[in-house]
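Notes to accompany the following structure.
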Amino acid sequence: MNLFSFIVTLTLVLFSTGVMSFISMATPIGPWIQPTVVLISIMIFSIFYRNNHHNIALTVIGSSIGGILATALGFSFPTLYFLDAPFFNNLMQSPIEFSLTICFLALSAGLLGYFIAELFEHRFIVEQQLAFPIGQLVHTMLIAQNKFTQALYLAVGFVTTFIFCILQDGIWKIKSFIPKIINVIPAIKLGIIGIPAIQLEMFPIYWAIGYITGSLITVPLILGACSKIFIVDVINNLFFKDLSSVSFVLAFCSGMVLCGALVGITDLPKLVKNFIREFKNKNNSESATNKNSMFEKISVFMVAIILLNIAFFTYFKFSPLLQIYIILFSSICAFQIASIAGKIGLAQLGRFATFVMVPAMFLFELSFLQLTMIATFVEICGGVTADLLFGRKVAHLGGICSKRVKKYQLVGIVFSSIAAGIIFWILINHFSLGSNTLFVQRSQARALLINAINFNYYVLLLGFVFGYILKKIKVNPMLVLGGLLMPFNISLGLIIGSGFNLVLKNKENWEPFWSGVFASNSIWVLIKALI
């Protein structure tokens, strides 16, 4: 392993984990970190080392894992705070215990994901020749003629945003003079319709994430914000005056989440069937030599991973039967997440975590901590599996040695697991969960699902119907949920960014700039948390 590449990989593991830890808790969106890491790697290698295609690719393949691992944690682990705040706060009182808990969880789930990727790499990449679009994008960026120009645009976005943040927040002897919020329109009351004050959040990261995500979020967020004003609040004021606005919205959103869970859970038998069929097809297509190699992997590496998983689940008092259930269905979901990601480039983590968590709620007697652990475990396992296969697609296209790729990926899993616990503790301790900065909408939604039984059933039903209608018209209910729950100024920032994506020409040319913006703003947030 090249020493310089190894050092750069570790540095970018910290970068990926730090940036996506913040973004996954600040917004309901988890953009892929790979394109940004590619550009940063190109710049570093061009300046300090020879611009070697393989070394840059290995650095990206190893370090990007921190991004998906942090995203999975940020989407699910804060659920515990909304289910049992006293327990969560008590855990936060011990930084070492908190960090080790997350490290143990991430390492157990991540290594299981590594094994699933090992099992199906040949099947997905060679036999089925799945596209794995992010892997193809990384490969294209690495061989592009203008890759240094793209890296320069990223540097411009990074530096200008960093200067903006300094002038906005101030540091040392530099005083702040850029406002954080600009009031555009005051709140307006039109009978039973109340339009909130429109404020522009001067937080560049929202614009950047909106631009990178593109039109995918524009309609759902606008629909969510408008539904809050013209549907949810109106029904609350007319028919449920005894319920506060907060109670009504939470119950309504719980119905939406419950709809998504129940509609989605019907796919579970099909997932199990697909997993068994693909596993049989894989074994039938393997040569005798490959079958022997497979047996060796299962007999040595799999045993070590299973023992680690058993140690993890036993420590948190999961019964043996529940342990088998989680490992089996996490593997099935990881397979399906990777299969979908290989076709369309999206890792649908949340829905598969729900597939495993909801049946467990009824089959086993579980604490809030255990429910949170199950959802987070599934998301990490599935996300890491998809990311590993994206990286191996890059290696396959670039003719990179498989053994080197696997070493870098293992380094990425181990070091991002260690870094995640520390970074999450720093961010949560400084900004607090549920605040405007760390709104953790995905975790709030999962907590609503678990607590749905405690809400007004009529309002739950209304939310269920609304969620079902969204499913039918093919609008993402989770993003609409973001528009309903998030402060309007955050939604507005994301909408503005996605609007830039819609109106600007040569969209691809601007992506490096906006990648630099969201990387810089995220790092600035981490710096603020530290100092």
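The values are calculated or read from the model by the stated rules, or taken from the named source; none is laboratory data. What you see is a predicted model, and the numbers here were worked out from it, not measured in a lab. Neighbour counts run over all protein chains shown; Cβ positions are idealised from the backbone, glycine included.
Remarks
- Listed by position, the helices (runs of 4 or more DSSP H) inside region 420-531 whose residues that are touching a strand residue (DSSP E or B) at 6+ places or on another chain (Cβ under 7 Å), closer than 17 Å to Pro28 by Cα and not polar (S, T, N, Q) number at least 3 are 488-503.
- Summed over region 432-456, residues that are under 14 Å from Val257 (Cα atoms) and either among the small types (Gly, Ala, Ser) or surrounded by 18 or more Cβ atoms within 10 Å (Cβ to Cβ) (or both) total 12.
- Criterion (touching a residue at least 24 places away in the same chain (Cβ under 8 Å), crowded, with 24+ Cβ neighbours inside 10 Å, touching a helix residue (DSSP H, G or I) at 6+ places or on another chain (Cβ under 9 Å) and of a type outside the set (Phe, Trp, Tyr)) met by exactly one of Ile400, Ile423, Ile428: Ile423
- Among the residues listed as Ile413, Ile380, Ile418, the single one being modelled with pLDDT of 95 or more, within 18 Å of Ala70 (Cα to Cα) and surrounded by fewer than 23 Cβ atoms within 10 Å (Cβ to Cβ): Ile418
- Scanning region 162-184 for residues that are β-branched (Val, Ile, Thr), surrounded by 14 or more Cβ atoms within 10 Å (Cβ to Cβ) and either modelled with pLDDT of 80 or more or part of a helix (DSSP H, G or I) (or both) yields a total of 1.
Yes/no per residue for (1) under 23 Å from Phe464 (Cα atoms); (2) without any contact (Cβ under 8 Å) to a residue 40 or more places away in the chain:
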{"residue": "Ala208", "(1), (2)": "no, no"}
{"residue": "Val232", "(1), (2)": "yes, no"}
{"residue": "Ile235", "(1), (2)": "yes, no"}
{"residue": "Val246", "(1), (2)": "yes, yes"}
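- Residue count for region 210-263, restricted to those that are of a type in the set (Val, Ile, Thr) and over 16 Å from Phe488 (Cβ atoms): 7.
- Considering the conditions (1) free of Cβ contacts under 8 Å to residues at least 60 places away in the same chain; (2) surrounded by 13 or more Cβ atoms within 10 Å (Cβ to Cβ), Leu154 is excluded by exactly one of them, (1).
- Residue that is surrounded by the most Cβ atoms within 10 Å (Cβ to Cβ), among those in region 508-531 that are of a type in the set (D, E, K, R) and touching a residue at least 12 places away in the same chain (Cβ under 8 Å): Glu511
- Residues of region 73-121 classified as free of Cβ contacts under 8 Å to residues at least 12 places away in the same chain and closer than 24 Å to Ser330 by Cα, total: 0
- Positions within region 195-210 being surrounded by fewer than 16 Cβ atoms within 10 Å (Cβ to Cβ) and modelled with pLDDT of 75 or more, in sequence order: Ile195, Ile198
- Residue check for Gln323: at pLDDT 85 or above, polar (S, T, N, Q), under 30 Å from Met256 (Cβ atoms) and buried (at least 16 other Cβ atoms within 10 Å of the Cβ): no
- Just one residue in the set Ser498, Ser443 is among the hydroxyl-bearing types (Ser, Thr, Tyr), farther than 30 Å from Leu111 by Cβ and in contact (Cβ under 8 Å) with a residue 40 or more places away in the chain; that residue is Ser498.
For every residue, the table says whether it meets (1) crowded, with 24+ Cβ neighbours inside 10 Å; (2) under 19 Å from Trp425 (Cβ atoms).
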{"residue": "Tyr49", "(1), (2)": "no, no"}
{"residue": "Gly67", "(1), (2)": "yes, yes"}
{"residue": "Phe77", "(1), (2)": "yes, yes"}
{"residue": "Gln93", "(1), (2)": "no, yes"}
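- Here Leu481 meets the list (1) modelled with pLDDT of 80 or more; (2) surrounded by fewer than 24 Cβ atoms within 10 Å (Cβ to Cβ) almost entirely, failing just condition (2).
- Helices (runs of 4 or more DSSP H) completely within region 22-126 that count 3 or more residues being closer than 19 Å to Leu308 by Cβ: 65-76, 95-121
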